[in-house]
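Structure first, commentary second.
We did not get these values from a lab; they are worked out from the coordinates using the rules stated. For clarity, every value in this text was computed on a predicted model and none was experimentally measured. Don't worry about glycine lacking a Cβ; one is built from the backbone with ideal geometry, like all the others, and counts go over all protein chains shown.
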Amino acid sequence: MAYIVVFAPLLAAAIAGLLQKQIGDRLAQIITTGATIAAALCSVAIFFDVTVGGNARTIELAQWMAVGNFEINWAIRLDTLSAVMLVVITSVSSLVHVYSWGYMSHDPHRARFFAYLSLFTFAMLSLVTADNFIQMFFGWEGVGLASYLLIGFWYQKDSATSAAIKAFVTNRVGDFGLALGIMAIYLVFGSLQFDEVFAQVPAMAEETIGFFGVNFQALELIAFLLFIGAMGKSAQFFLHVWLPDAMEGPTPVSALIHAATMVTAGVFLVCRAHGIFELAPNTSAFITFIGATTALFAATVGLAQNDIKRVIAYSTCSQLGYMFFAAGLGLYSAAMFHLFTHAFFKALLFLGAGSVIHGLHEEQDMRNMGGIYKLLPITWIMMIIGTLALTGVGIPLLGIGFAGFYSKDMIIEEAFMMGQDGVAFGMFAFWIGVIAAGLTSFYSWRLIFMTFHGKHRGEPEVLKHAHESGPVMIIPLVFLAVGALFAGAAFKSDFVGKGALTFWEESLPPGPYAVGNYGHLVEDYGQSHADEHGVELSEAESASLEAAMSEDEAAAAQDHAVEAAHGDDHGEGADGEHHGHHPPTWVLFSPFAVTLFGFVLAWYFYMANPELPRRIAANNGPLHRFLSNKWYVDEIYNATFVRATRVLGDVFWKFGDQKVIDGLGPNGIAATALSSARRIAKLQSGYLYHYAFVMLIGVLGLALWLIAGAGA
Amino acid sequence: MLGQLPILSAITFLPALGAVAILLLRALMRSEEGAVLDRNAKGIALFVTLFVFALSLVMLVEFDAGQAGFQFVESLPWLPALGISYKMGVDGISVLFVVLTAFLLPICILSSWKLEKRVADYMAAFLLLETLVIGVFCALDMFLFYIFFEGSLIPMFLIIGVWGGQNRIYAAFKFFLYTFLGSVLMLAAMIVMFTQVGTTDIEVLLAHPFARDLQTWLWLAFFASFAVKMPMWPVHTWLPDAHVQAPTAGSVILAGILLKLGGYGFLRFSIPMFPNASEFFAPMVFVLSIIAIVVTSLIAFRQTDIKKLIAYSSVAHMGFVTLGIFTMTELGVQGAIFQMLSHGVISAALFLCIGVIYDRFHTREISFYGGLVHKMPVYAAVFGLFAMANVGLPGTSGFIGEIMTMTGAFQVDPRVAAGAALGVIFSAVYMLVAYKKVVFGVITNPKLETATDLNAREWINLGVLAVLAVYFGFFSTPITDTTRASVDQLIQQYQSAQPVEAPVAATAAPAETAAH
């Protein structure tokens, strides 16, 4: 079954890609879509097999590299973490495949498009099922390739191919860090196998690596380098520049790759290697800082964009920031939970936007939209559901709400609690999380109002032909809307609640909410691991609660079946401590309040006084300019890195190679040789043979010398 | 084993026999039968190269990868008084290069099928070149090695000088001057070695411990020759010119095989024979390698001539080879060998890709092209695959060599790996930008409207290379298992030479070079 999940998309991609002429568009679509749906069904089965059945396992397929200890296998690793990703990837991918039947129906290169989609799916699956860092790197670059191909799918457009290159190169900058991180892991651990590496992590806490004359804590350095890779792939601040441009690709691609799956690979990486990050507090603080900064930065930029897809792209960037600051604070399960819910509602928003674009004949500028909710009623409802889920609407205290309510509010609350406990940047992350939630609400409702409500501002001709999308595009939206509605409520317990104690098994720490203890999560989890590995730790060093917990665990393991006992004992312990460690009510209400505020503000600006934003845009004040120009990051990069590359290239070439090396070397000698050759031979091209002749003399000389030497 | 059959001699000299046959044919035939002659010459060349390739595969099958030493050894006294013999043999390090050479030659012949200028001479030159290059990899006598090594210059020199582009004389001259000057120093060093040991038998020389300060000089002399061949920065400037002027098949051989002679030389001579000097100079090699990787990648980015761009890219990729070799770790050396073999496939394919459009439009200017994908979709896909392989995408053979050499380097000095990894970013920049300019976009140049996609011959050539580039990208062990025993032995030998013999000598070596 695992083989079907991973290889069916690859096979389909190969058939659709290589034989597109022979089989035609229609068959290519059927094969790729069928394969992906088959993979999705198998993924669901695997998900239950792993989480409920407890059948976490690794299937080794073949040897990839083997030089000394450097042994790398092709493998399929199935544990809860990868099973969650399998479900997200294959389900969203199937829906996107189906949706593309409608969206791409007029494109002459459909077979190629579907081949790329399936290729991407394969690469992403091989990333999450890797059991070693190199295979993960393979998937990592593989999704980068697929992303490059799909962003540049309309290759006749210069903007599309440029965006594709930008995405690939920016990701390579991240991969530079990731690759070095992997090398550092090999240096420290002597292996790249996940199990072997993670088992040794506690023992390596004191190791150092000398790098550019500085001795770094090995785990800090490794974690930092890995995170550089994650920043690139997940479009975090500094390396986010490619993501908005990636919207040049067809919209289904944006939904699949640039919202639901590929961009979350960075979060997945941090969660997969959480054992390393837990023992790298400085890097974790850095992650929190970058994540929070991104969450805020992207949300502010999202306020001033007019391209419907770019708004959602910045929103993605911002939400990824949430996931990262959660991961940086050690809230890995919460990060994964948000990754999970985000995949549904963000894919929904993108596909909804695609439906709008399709219905309005490729119009993407929201300034030319408006007043179309009656014409695209289902799309409108779906977009509203997506927006409610994204903004995290729900009722605090009662705990009922859309998907984002569970995951995003969970992150914000836990950030507050971590901040209270003095975890670095915890309060910073909390406040940014709250502010960004308000901004999210504002730009999301702005999008809805500008797109669907008010008066139509575009060409009247477009409005006449505006139409709702066909069922093939609507049905995937409905599926995703179901996810956006219920994914949070249905899986809260498993991902971050009490169920998390058994749900994640070894693959992730269950998180503070699950164990009812917000503080010292890291040490606590580390200790329970340490117990398993038989490393002795001084009990006195631990807080009494933690000590009690690990004793609970030890006792439970002896008496009961492990899984059942885990849940019960911890459940009681959690209840007992819950009140003392619960965030105050105002914290619970703050995201709700700012979300409401954002909505009201958006309504005021874009429904009540639609002239106001236009005037602001017309005035083009410094703040507006700053935001609509995306903080000028692209401009700064162009002026520095891009320019420097060009200038350095020219200098090394025209000055270094041509002037210095050739000038002093061959050309200089050539000039001398030429003139002497002229003098000797008076033949213009004689110098060529002159040298051949010299060589011959050399060989003869050697022979003669040897013979003479032998004779003597 | 193959009994008494001298398979290495057969593989080495059959092409030369083919060349003689072609030249005899030319001498015998009347000039008005030129077309017949050309056809026969091509036929003979293709048949001979394919037969040699088949023989090389037989040799590979018979090769015992578990054995570290030389196999299929043939030895005949030649100049017994001087200790010079005709001695051939291969070990894990050289055997795959023989196969690579034998594999690329038929592709070269096929890719030159449409040539019209002096076909018989051209085919003879290529066959002669094959003999000489395979001879380099098989020679177990230093004198024999030198003859092959230097001799390979002559046909290559002729190929560039006679069948090259407009500026071919300059390029051929530069090529010759550079490589020849390096070789003169190597020759001098060989003479010194002979006087020391009294034989030119490589197996004996490998076992001979050279004095430490002598090693320094010998190492430098060999380095002069091999560094030019690689080519390493800053003695690389002959390569772009040679490539630009060489005909397509010439570029394929140059990038695919001739550049590997330098790396092979390091592994055969510098490291095992002068281990102390190698250790001493390793930091210098690292620095030069990183400069090669970073600087030439940047230069490649600014090229307007697609062939020059790939040539500079070759220099950068060879930087990984020197880097890996001088880490003296199993991972680094294995990675370096893998990188050489992989580059032999990928660069050959890239030059063939350029040849495809050069044959159609007779220009290498990037700005001339644009939008080829609309007329040549298959070409665009194949070229794209090799562009990605050149960028070192995992799943292609280009990745394996890079990750192994860099990981090996990281074990020695993380800074070195970091420097090399920068090149990985830049390679994506220059390769993708060039690919975009040639292949993507809309056709603005009306001359491109007549473009036709790959023909069957081109498709076979590139298809075979594509299969290899991808296959070894997913399964690298067939190669590393073949080379393992010999590499392990090389590294053991190197390490056993490292214990501090005499502190005096250790300090003397740097002092001497400093004085120089």
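Scanning region B:107-146 for residues that are charged (D, E, K, R) and not in a loop (DSSP other than H, G, I, E, B) yields B:Asp121, B:Glu130, B:Asp141.
Taking region B:73-97 as the range and being of a type in the set (A, V, I, L, M, F, W, C) and either out of contact with any helix residue (DSSP H, G or I) (no Cβ under 6 Å at 6 or more places or on another chain) or touching a residue at least 12 places away in the same chain (Cβ under 8 Å) (or both) as the test, the residues that pass are B:Val73, B:Leu76, B:Trp78, B:Leu79, B:Leu82, B:Ile84, B:Met88, B:Val90, B:Ile93, B:Val95, B:Leu96, B:Phe97. Scanning region A:216-229 for residues that are away from every other protein chain (no Cβ under 14 Å) and among the aromatic types (Phe, Trp, Tyr) yields a single hit, A:Phe227. Listed by first and then second residue, the pairs linking a residue in region A:130-146 that is within 8 Å of chain B (Cβ to nearest Cβ) to a residue that is part of a helix (DSSP H, G or I) and aromatic (Phe, Trp, Tyr), with Cβ atoms under 9 Å apart and 6 or more places separating them unless they lie on different chains, are A:Phe137/B:Phe399; A:Phe138/B:Phe399; A:Glu141/B:Phe399; A:Gly142/A:Phe120; A:Gly142/A:Phe122; A:Leu145/A:Phe120; A:Leu145/A:Phe168.
Would you be able to say whether some residue in region B:286-299 is hydrophobic (A, V, I, L, M, F, W, C), closer than 19 Å to B:Arg364 by Cα and within 14 Å of chain A (Cβ to nearest Cβ)? Checked against the condition, which is being hydrophobic (A, V, I, L, M, F, W, C), closer than 19 Å to B:Arg364 by Cα and within 14 Å of chain A (Cβ to nearest Cβ), region B:286-299 yields at least one hit. Take the residues in region A:147-163 that are at the interface with chain B (Cβ under 8 Å from one of its Cβ atoms) and assigned to a helix (DSSP H, G or I); name whichever of them is surrounded by the most Cβ atoms within 10 Å (Cβ to Cβ). So the residue we want is A:Tyr148.
Do we find that A:Ala167 is part of a helix (DSSP H, G or I) and within 30 Å of A:Leu27 (Cα to Cα) in this structure? Before the answer, list the steps.
Working: part of a helix (DSSP H, G or I): yes; within 30 Å of A:Leu27 (Cα to Cα): no.
Taking the combined requirement at face value, the residue does not satisfy it.
The set of residues in region A:152-178 being among the polar types (S, T, N, Q) and under 17 Å from the mean Cα position of the chain (by Cα) consists of A:Thr170, A:Asn171.
Restricting attention to region B:176-189, the residues that are facing chain A (nearest Cβ under 7 Å) and either within 20 Å of the chain's Cα centre (by Cα) or touching a residue at least 12 places away in the same chain (Cβ under 8 Å) (or both) add up to 5.
Which pairs turn up if I take residues in region A:57-82 that are closer than 18 Å to A:Ala273 by Cα and within 10 Å of chain B (Cβ to nearest Cβ) and look for partners that are crowded, with 16+ Cβ neighbours inside 10 Å and among the aliphatic types (A, V, I, L, M) with beta carbon separation below 6 Å, at least 6 apart in sequence or on another chain? These pairs meet every condition: A:Ile72/A:Met65; A:Ile72/A:Ile134.
Across region B:425-457, what is the total count of residues that are within 13 Å of another protein chain (Cβ to nearest Cβ), over 22 Å from A:Leu239 (Cα atoms) and among the β-branched types (Val, Ile, Thr)?
As a first pass, look at region B:425-457 and keep what is within 13 Å of another protein chain (Cβ to nearest Cβ): B:425-444, B:453.
With over 22 Å from A:Leu239 (Cα atoms) added as a condition, the list becomes B:434-444, B:453.
Subset that is among the β-branched types (Val, Ile, Thr): B:438-439, B:442-444.
Looking only at that region, the number is 5.
Scanning region A:119-127 for residues that are in contact with a Lys or Arg (Cβ under 9 Å, 6 or more places away or on another chain) and either outside any helix (DSSP H, G or I) or closer than 29 Å to A:Asp79 by Cβ (or both) turns up nothing.
Give the residue that is nearest to the other protein chains (Cβ to nearest Cβ), with candidates limited to residues of region A:179-215 that are over 26 Å from the mean Cα position of the chain (by Cα) and part of a loop (DSSP other than H, G, I, E, B). That would be A:Phe212. Check whether at least one residue in region B:329-343 is over 19 Å from the mean Cα position of the chain (by Cα), within 30 Å of B:Asp481 (Cβ to Cβ) and in a helix (DSSP H, G or I), and report yes or no. Within region B:329-343, one or more residues are over 19 Å from the mean Cα position of the chain (by Cα), within 30 Å of B:Asp481 (Cβ to Cβ) and in a helix (DSSP H, G or I). Scoring B:Arg484 on the criteria (1) closer than 30 Å to B:Ser111 by Cα; (2) charged (D, E, K, R); (3) assigned to a helix (DSSP H, G or I) leaves a single failure, condition (1).
Go over the candidates B:Phe173, B:Phe194, B:Phe149 one by one and state the one that is assigned to a helix (DSSP H, G or I) and under 17 Å from the mean Cα position of the chain (by Cα). Talk me through it step by step, then tell me what you get.
Details: B:Phe173 fails: under 17 Å from the mean Cα position of the chain (by Cα); B:Phe194 fails: under 17 Å from the mean Cα position of the chain (by Cα).
The conditions single out B:Phe149.
When only residues in region A:407-423 that are hydrophobic (A, V, I, L, M, F, W, C) and part of a helix (DSSP H, G or I) count, which is surrounded by the most Cβ atoms within 10 Å (Cβ to Cβ)? Within region A:407-423, the match that is surrounded by the most Cβ atoms within 10 Å (Cβ to Cβ) is A:Ala415.
Criterion first (among the acidic types (Asp, Glu), farther than 17 Å from B:Ile346 by Cβ and crowded, with 16+ Cβ neighbours inside 10 Å) does B:Asp453 satisfy it?
No; evaluated as a whole, the condition is false for this residue.
Is region B:323-336 home to any residue that is buried (at least 24 other Cβ atoms within 10 Å of the Cβ), more than 30 Å from B:Gln166 (Cβ to Cβ) and free of Cβ contacts under 8 Å to residues at least 24 places away in the same chain? No, because not a single residue in region B:323-336 is buried (at least 24 other Cβ atoms within 10 Å of the Cβ), more than 30 Å from B:Gln166 (Cβ to Cβ) and free of Cβ contacts under 8 Å to residues at least 24 places away in the same chain. As a summary of the residue check, A:Leu296 satisfies the conditions (1) part of a helix (DSSP H, G or I); (2) more than 18 Å from A:Ser407 (Cα to Cα); (3) more than 17 Å from the chain's Cα centre (by Cα) except for the one numbered (2).
Can you say whether A:Phe120 is under 19 Å from A:Ala62 (Cβ atoms) and either touching a Phe, Trp or Tyr at 6+ places or on another chain (Cβ under 9 Å) or hydrophobic (A, V, I, L, M, F, W, C) (or both), as far as the supplied structure shows? Please lay out each step first, then the result.
On the way: under 19 Å from A:Ala62 (Cβ atoms): no; either touching a Phe, Trp or Tyr at 6+ places or on another chain (Cβ under 9 Å) or hydrophobic (A, V, I, L, M, F, W, C) (or both): yes.
So A:Phe120 fails the test.
With a requirement of 2 or more residues that are over 26 Å from the mean Cα position of the chain (by Cα) and under 30 Å from B:Thr450 (Cβ atoms), the helices (runs of 4 or more DSSP H) lying completely within region B:355-418 that satisfy it span B:372-375, B:377-391. All of B:Phe223, B:Phe280 fail the test of being hydrophobic (A, V, I, L, M, F, W, C) and surrounded by 24 or more Cβ atoms within 10 Å (Cβ to Cβ), apart from B:Phe223.
Residue under question is B:Phe103, and the condition is that it be free of Cβ contacts under 8 Å to residues at least 60 places away in the same chain and surrounded by fewer than 19 Cβ atoms within 10 Å (Cβ to Cβ); does it hold?
Values: free of Cβ contacts under 8 Å to residues at least 60 places away in the same chain: yes; surrounded by fewer than 19 Cβ atoms within 10 Å (Cβ to Cβ): no.
Judged against the criteria, B:Phe103 is not a match.
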